[in-house]
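Down below is the structure, laid out as structure tokens.
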Amino acid sequence: MDQTTFSAVDEFAADLLAPHDEALQAALTACEDAGLPAIQVSPLQGKLLQLLVGLQRSQKVLEFGTLGGYSTIWMARALPADGSLITLEADVDYAEVAQRNFELAELADRIDIRTGPALETLLTLEEEGAGPFDFTFIDADKVNSPNYFAWALDHMRPGGVIVADNVVRDGALADRDSGDEKVEAQRRLHEMLADELRVTATTIQTVGSKGYDGFTIALVREA
Ligand code: SAH
Ligand code: DHB
Ligand code: MG
């Protein structure tokens, strides 16, 4: 099995199960035209996030790493009209592209983009008393995923779900001598999860148009 097959299967299933409507297509085109890196989740992964947000009956969602808002649009579409999504983005130019995409998708009323390094924005959210969140998607700078996870966990409702992207990193997750700080952060995240009594978690390896990577999914225990 090779990357060509993984991409072909992704395309086949996505065309049927996660097709782009006008707003999603326009969002991706706007990202391309603005020269953003094409590192958004795949269509099928966006659909997975949408399903999870919906399964949680989420009213409040938190996202780390907006880019052009592609994953955000997938998730926000699973919110009720009075639901809200806060998405954190360090890059002001990316956030501007995302804001336009939310307006075109008629989701701007539900989505609040906060620009700046997420660790700083979290201090503001703390002061505002933001949350509790039903669902959190961690997809920003990978070295900070354990820090984002720790903050999110303290601000989730019981029964909430936290998903972290890019944890497998071409299999480097299993390499204790990788020396890559992004990989080390994902290993640390797993160790945190193993020791954390408040959550129960799993990691799913993925192949597809984005190569070989994976998600960690953590459920916040009810009691
Ligand atoms: N979730 C998006 C992809 C995010 S890519 C999607 O699937 O559509 C990762 C994003 O994290 C980039 O836009 C990058 O600018 C942002 N980022 C990097 N470091 C950050 C930080 N310290 N705080 C907030 N965002 C950050
Ligand atoms: C890359 C992929 C991602 O999903 C992400 O969030 C950041 C970077 C990448 O392939 O470089
Ligand atoms: Mg990602």
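The values are calculated or read from the model by the stated rules, or taken from the named source; none is laboratory data. Only a predicted model underlies this, so the values are computations on that prediction, with no experimental measurement involved. No Cβ is skipped: glycine too gets one built from the backbone with ideal geometry, and neighbour counts run over all protein chains shown. Heavy atoms of the whole protein, side chains included, go into the accessibility calculation; ligands, DNA and RNA do not. Shrake-Rupley method; radii C 1.70, N 1.55, O 1.52, S 1.80 Å.
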Which one of GLU96, GLU120, GLU11 has the biggest mean-square fluctuation once the chain is modelled by GNM with Cα springs under 10 Å? GLU120
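From the helices alone, meaning DSSP H stretches of at least four residues, give me the mean residue ellipticity at 222 nm for the chain, per-run term -39500 (n - 2.57), in deg cm²/dmol to the nearest 500. Each step should come with its number before you reach the end.
On the way: 8 runs with 95 residues, N = 223.
Roughly -13000 deg cm²/dmol at 222 nm, from the helical runs in the chain.
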With 5 Å bins from zero, work out the P(r) of segment 77-118 over every alpha carbon pair and list the percent per bin. 6, 24, 30, 23, 12, 5
Could you size up the charge dipole of the chain around its Cα centre, putting +1 on the beta carbon of Lys and Arg and -1 on that of Asp and Glu, and report it in debye to the nearest 20? 720
Given a 1.4 angstrom probe, what's the average accessible area per residue across the chain, in square angstrom? 49
Within segment 28-68, backbone nitrogen closer than 18 Å to the virtual label 7 Å beyond the Cα of ASP112 toward Cβ: 58-66
How many angstrom lie between the C-alpha centres of segment 1-64 and segment 139-215? 19
Going 7 Å from the Cα of ASP2 toward and past its Cβ, which residues in segment 185-223 have a backbone nitrogen under 20 Å from where you end up? 207-213
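Over segment 20-95, what is the mean sequence separation of C-alpha contacts under 8 Å (at least six apart), divided by residue count, expressed as relative contact order in percent? Could you put the intermediate results ahead of the total?
On the way: 89 pairs, mean separation 25.2, N = 76.
Computed over segment 20-95, the figure is 33 percent.
What is the chain by shape, rounded, prolate or oblate, if you read a ≥ b ≥ c off the alpha carbon gyration tensor as root eigenvalues and call it rounded for a/c under 1.5, prolate for a/b larger than b/c, and oblate otherwise? Walk me through the intermediate numbers first.
Working: a/c = 1.40, a/b = 1.04, b/c = 1.35.
Judged from the Cα gyration tensor, the chain comes out rounded (a/c under 1.5).
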Added length on full extension, which subtracts the Cα-Cα distance from 0.36 nm per residue, GLU181 to PHE12: 57.3 nm
Taking all protein chains in place and a 1.4 Å probe, what share, in percent, of the accessible surface of segment 174-213 do carbon and sulfur account for? 47
per DSSP, antiparallel bridges as share of beta bridges in the chain, % nearest 5, sits at 40
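Please report the relative contact order for segment 120-223, taking Cα pairs under 8 Å with a sequence separation of at least 6, and give it as a percent rounded to a whole number.
Values: 169 pairs, mean separation 31.0, N = 104.
Rounded, it is 30 percent for segment 120-223.
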According to a simple spin-label model (label point 7 Å from Cα along Cα-to-Cβ), what is the distance in nm between GLU126 and GLU196? 1.6
Any idea how far apart ALA81 and ALA26 come out in nm if each label point goes 7 Å out from Cα toward Cβ? 2.1
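For the chain, what relative contact order do you get, as a whole percent, if you take Cα pairs closer than 8 Å and at least 6 residues apart? Let's see the in-between values first.
Numbers: 404 pairs, mean separation 41.3, N = 223.
Once divided by the residue count of the chain, the mean separation gives 19 percent.
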